[in-house]
Each structure stands twice: as structure tokens, then as C-alpha cells.
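Here the structure comes first, spelled out in C-alpha cells, and everything after it is commentary.
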Amino acid sequence: MDAKSVSLSDSCNPAACNGLCTLPTNGFAPTIQSFAAQLDLADGTLGRHLAHRLIEIGITDVFSVPGDFNLTLLDYLIAEPGLNLIGCCNELNAGYAADGYARARGVGACVVTFTVGGLSVLNAIAGAYSENLPVICIVGGPNSNDYGANRIIHHTIGLPDFSQELRCFQTVTCYQAVVNNLEDAHELIDTAISTALRESKPVYISISCNLSAIPHPTFTRQPIPFSLSPKLSNKAGLEAAVEAAVKFLGKAVKPVMIGGPKMRFSKACDSFTELADSCGYPLAVMPSAKGLVPEHHPHFIGTYWGAVSTAFCAEIVESADAYLLAGPIFNDLSSVGYSLLLKKEKAIIVQPDRVVVGNGPAFGCVLMNDFFIALGKRLKRNTTAYENYRRIYVSEGHPLKSDPNEALRVNVLFQHIQRMLSEDTAVIAEAGDSWFNCQKLKLPPGCRYEFQMQYGSIGWSVGATLGYAQAAPEKRVIACIGDGSFQMTAQDVGTMLRCGQNAIIFLINNGGYTTEVEIHDGPYNVIKNWNYTALVDAIWNGEGNCWTTKVRCEEDLIKAIDTAVEAKKDCLCFIEVIVHKDDTSKELLEWGSRLCAANGRPPNPQ
């Protein structure tokens, strides 16, 4: 086992640099700090108002890439007590980090420059939109005098029309604010932030570069506390929906419950679990809802994912005569190429503010959380389906025992990762075979789990690990990342080191895009192999706490994990796992063939 250990240093620890963990240690930090200290915070300015609002909604870290249009705004974010500015290597990773941060804190934020930065972060914002995550995307815009002046400025495509970036963001954000005058800046900023929180979607705020430092009467020294009016269910609609659901489920012999990803946005995870307590139905989750309900619940039966479900879960779900679906998203990935054996007439589909019973009726203005609470008081207990599950269940086997120094197998790797999980850990699974292997992990109470299923952007997990670890320092993040994905976004391992994070990254090196191989193979799925541990050592460059190693067999893996969780528990640990290119989960083999069939359907006759 080749391992490298580096000396400890607290120069990049947030606590050791007074909240400025991302400032460089090359001589520039004192200049920036002294300049920030000179800012006059006695006057109400746009920059201070925005910084205060971010803190007020629970954001203490903002991910950024500086550019000439946002520099003055960044000065005000740095100067705000309690707000930490984290510089990222590129805008895409800053957006991914804000995504990961929002998963842990409930809201995240990033700051980039106009167009070149905005269009770079756009992909990450689209992913956050698909996952219903409130991310405040702030862009430093052109000087307010340049709007409508028929001028061409840099960082654009060479036209005097500055709306290109705005038009791109309109389809991936729920609100867009272009702040190019101070008269309505207060209203636009507050409306954008409140809309992000209310809709649980990203918003776009563009702020002209010359406005952040200018005092204005609308920005008082102490802004009025920020609050949102609560959503309320229509009382009559709620009562009617519950009555219809009770009647529908009362006729069923073996009903089941299936949790979906929109439970997070609806803040209905607890009420859904409490409903399972009272009604006795088997409790399953869709793959994108893993981690939203406790897996130690006595009636939890695993992940329902069609042909690649947890063992015995699909048999119980698909043989049920009624399903209660909470916030589902059915796409080609979650339906395994549209092959789920569910029937709409057997389903009650509960969306964040709407309930549909079978093929009808439908009830609008009914909040998911309210519906589950009310339904739990009315449903009769029925454990028939769970008893059937208990009858057919056979405990899972274990991977074949490895011979001494035998090449490491992926199923052995995840057997050892399973033993690492506790209430103090969080798992982040990158798109690819880690989706399937991590789905099979049994999460102990308190262990968190995140992955990006709807958008499935490879490389997401590096930035998301950075953001999640920063938002939840009490959790040690365990990230499972494929080599192809890591090559997309590797640079911000350096930002993790600057922030003193102690994530454990398992880099699974199998020489290519294995998921694509199982969908449709070709030479384009083979990538250039890197020396990944040497790369991370180069990024480390003697600054921060870092430990890297390569493992090729189970003996190496055991030593590496022991070191990571004991001697190097305060370090960022990077473990490169060398596995065979064809070593995949059986679920990926099945899922890949079905997705290939779905992608290859011929055109319908015209």
C-alpha cells in the first residue's frame, strides 16, 4: 500500500483565520483584510444588506469566483461578521458546492462574475433546480450606466444587449432580479430570496458592479427581520382529500407506502414516517429519496427501483393493491427505462400541494405535511403486506472471501464502507455505479445520504462534498467518486484543504465511464488514466492536512480505512481504489440494458 502523509497546519482552518478560510497565504490576505476593515458599515449599503440577508436565512459560507464585476460586492461579503467567503477553482464547482451546502443547511449561495462566470455556473444551477434546492446565485453585473447605452463590454458575446445571461437563467431559476438601480434594489433582493425559500428553487440576482458600496435610505443599519408567511392548506380540500384517501385505502388488502424526493422540499419526512408508525404499511423509498426516512424503521423494506430494487422490495410493492406515493418523480432513470410495474388506478399520489386518488378525484391546495398528519389520525392499521414481506424475506449473503492479496472487488469495498457508517457520517454518491452500490448501504440512525439522480451531472460530487462538509462540520463526509467523474471537477479538492475539511474520498479507478459502457459501449468510454494520488499530493503542495494512498487488495483497504478513521481522522483522506474495468454491480448491468432499450426505441409511426 503506497501512502503519503503530510504535516498538520491550521493556516487553512476556518477557526484559525477568523472566518476568511479562503484567503491565500501568499501575502495578499493582510491587504484584503485591512481593506475590508476600512469599509464603512455605519451606512446602509446594498452590499451590506445582501450580506446581512444571507446570514439571516442561515447561510454562513458563500462560494465564489472573483471577477472584475463582483469585486466590490465580495469586499462587503468578507467584511460582514459571521459570513465566510470561500473561493473556488471555477464557477461550476462553486455552484455544485452551493448545491451541497443547501442539502445540509436548507439554502446555499454562490457569487460569480457576469456572463463568463454566469454561464459557467449555469449547469450547477440547473441541477439544483431539478433537485428542488434553494440556491441564491449572485452575479456581479455591468456598471449601471452601461445598460441601454448601446455599448459593448467585455465578458459578453460582443453585442450591446446584456440580456443573454438573464435569458439563460430564466429556465433554471424560479425568479430573476436584475439590480441596476438603487431605488428598487431592496425590493428585488428580498423578493428573490423569499421566492427561493418559498419555492425551494434557485434564484438569480445580478447586481451592477458600481452599486454595492453606495448608501441608500432603503438600506437601514439594522434591516427589518426577514420572515415568510406560512403556506396553508385549504381546509375543505384537506378534509375531502383525507376522506377520499381513507375510503380508497380502506378497501385495499395489502397497501404499501413509497417515499419520493419531493418530501424534502415539502418538509414532510417526519409526518410520513409517523404515518407509517400508525398505519403499519410497509415503508419503501424511491432511489432519489434514500436517506429521507429512517432505515431502522421497523417496517422499512428498502429501495423500490423496479428491476434493480432492494431484494424482495419490488415483489411487495408491485403485488400491492394500493400504493401511497409521497412526492415521487418518475423519469427514465428512476423507472429503469419506463419498466415499473405500477398502475395509476392503484395509486394515491401526494405532491407538495396536491393529492390525486387513483384516476381521480384530485385535490389542490393541500399541503403534503398536513395531509399525512390528518391521514394518520384516520387510517386503520393494516400490516398484511409487511407480514408478507417477512414471510418471503431471506437475509442477504456476503461477498466471496478474498484470497490473500487478491485484486480488490467493488462489492468487498462497499462491505467495508458499510462498517464505517455512523450517526457522525454522511455519504455522497457520484453518478455511476456508486449510485447502485451506495443504494445498498444500510444507513444507521443519523447518517445522511445525498446524490443527484434527476440531473445526474457527472463531477457534481466533488463540489457537493466541499459544500456539504462546510455546512455540516459535525459530519464526516464519505464520498464515492468514479475516476471519470473526478476528472471533471478535481481542482476543488484544493479548496477542501484550504477550509480544513476532513472528508474521506474513495476514488474508484476502473479506467473509464463504466455506466456508459453498460448502456452503450464504445472507445469513447475509455479515459486517460491519471496518477490520482500524485495529483492530490500536487494540489496539497504542503498546505493543509492531507493523506493519500492507493489500494489494490482487501488488506490494503483495511489498513487505509483504519488509518483514515483513526490516525488521520482530522485530515482530508484520499483513497484511490484500483478495480477491474468490468467490475460492476449486478444492478448496473440490469439497469444499463433496460436504459439502452428505452433510449433505442424506434420513432412512432407518423
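From the list 188, 182, 166, 119, the lone residue that is surrounded by fewer than 22 Cβ atoms within 10 Å (Cβ to Cβ), within 29 Å of the chain's Cα centre (by Cα), at pLDDT 95 or above and closer than 20 Å to residue 51 by Cβ is 188. Taking residue 326 as the residue in question, decide whether it is farther than 24 Å from residue 451 by Cα, modelled with pLDDT of 95 or more and crowded, with 18+ Cβ neighbours inside 10 Å. Considered against the rule, which asks whether it is farther than 24 Å from residue 451 by Cα, modelled with pLDDT of 95 or more and crowded, with 18+ Cβ neighbours inside 10 Å, residue 326 comes out as no. Among the residues of segment 381-405, the ones that are closer than 19 Å to residue 300 by Cα and touching a residue at least 24 places away in the same chain (Cβ under 8 Å) come to 12 in all. Remark: pairs (first residue in segment 51-66, under 20 Å from residue 121 (Cα atoms) and small (Gly, Ala, Ser); second residue modelled with pLDDT under 95 and outside any helix (DSSP H, G or I); Cβ separation under 9 Å; 6+ apart in sequence or on different chains) = 64/22. Taking the conditions (1) without any contact (Cβ under 8 Å) to a residue 12 or more places away in the chain; (2) more than 23 Å from residue 324 (Cβ to Cβ); (3) basic (Lys, Arg) in turn, residue 201 satisfies each one other than (1). Scanning segment 541-588 for residues that are farther than 26 Å from residue 466 by Cα and surrounded by 14 or more Cβ atoms within 10 Å (Cβ to Cβ) turns up 552, 553, 554, 555, 556, 583, 584, 585, 587, 588. Among the residues of segment 589-606, those that are farther than 18 Å from residue 430 by Cβ and either among the small types (Gly, Ala, Ser) or open to solvent by 90 Å² or more (accessible area, probe 1.4 Å) (or both) comprise 593, 597, 598, 599, 600, 601, 602, 603, 604, 605, 606. Kindly indicate whether any position in segment 514-527 is acidic (Asp, Glu), more than 27 Å from the chain's Cα centre (by Cα), in a loop (DSSP other than H, G, I, E, B) and modelled with pLDDT under 95. Taking every residue of segment 514-527 in turn, at least one turns out to be acidic (Asp, Glu), more than 27 Å from the chain's Cα centre (by Cα), in a loop (DSSP other than H, G, I, E, B) and modelled with pLDDT under 95. Collect the residues in segment 223-251 that are without any contact (Cβ under 8 Å) to a residue 12 or more places away in the chain, outside any helix (DSSP H, G or I) and of a type in the set (Gly, Ala, Ser), keeping them in residue-number order. Once the filter is applied, which keeps residues that are without any contact (Cβ under 8 Å) to a residue 12 or more places away in the chain, outside any helix (DSSP H, G or I) and of a type in the set (Gly, Ala, Ser), segment 223-251 yields 227, 229. Which one is surrounded by the fewest Cβ atoms within 10 Å (Cβ to Cβ), of the residues in segment 504-540 that are farther than 30 Å from residue 591 by Cα and not acidic (Asp, Glu)? The selected residue is 538.
Within segment 253-276, the set of residues being out of contact with any helix residue (DSSP H, G or I) (no Cβ under 8 Å at 6 or more places or on another chain) and either free of Cβ contacts under 8 Å to residues at least 60 places away in the same chain or assigned to a loop (DSSP other than H, G, I, E, B) (or both) comprises 270, 273, 276.
Taking the criterion of being acidic (Asp, Glu) and in contact with a Lys or Arg (Cβ under 7 Å, 6 or more places away or on another chain), the only residue of segment 399-429 that qualifies is 424.
Whether any residue in segment 568-586 is in a helix (DSSP H, G or I) and farther than 26 Å from residue 424 by Cβ is what I want to check. The answer is yes; a qualifying residue exists.
For segment 428-442, the candidate set comprises residues that are surrounded by 23 or more Cβ atoms within 10 Å (Cβ to Cβ) and in contact with an Asp or Glu (Cβ under 7 Å, 6 or more places away or on another chain); within that set, the residue that is nearest to residue 502 (Cα to Cα) is 428. Of the residues 243, 274, the single one that is surrounded by fewer than 18 Cβ atoms within 10 Å (Cβ to Cβ) and touching a Phe, Trp or Tyr at 6+ places or on another chain (Cβ under 8 Å) is 274. Is it true that residue 455 is open to solvent by less than 10 Å² (accessible area, probe 1.4 Å) and in contact with a helix residue (DSSP H, G or I) (Cβ under 8 Å, 6 or more places away or on another chain)? Criteria not met by residue 455.
The values are calculated or read from the model by the stated rules, or taken from the named source; none is laboratory data. Because the structure is predicted, anything quoted here is derived from the model rather than measured. Positions of Cβ are backbone-derived with ideal geometry, glycine not excepted, and every protein chain shown enters the neighbour counts. Note: accessible area is taken over every heavy atom of the protein model, side chains too, but ligands, DNA and RNA are not part of it. Shrake-Rupley method; radii C 1.70, N 1.55, O 1.52, S 1.80 Å.
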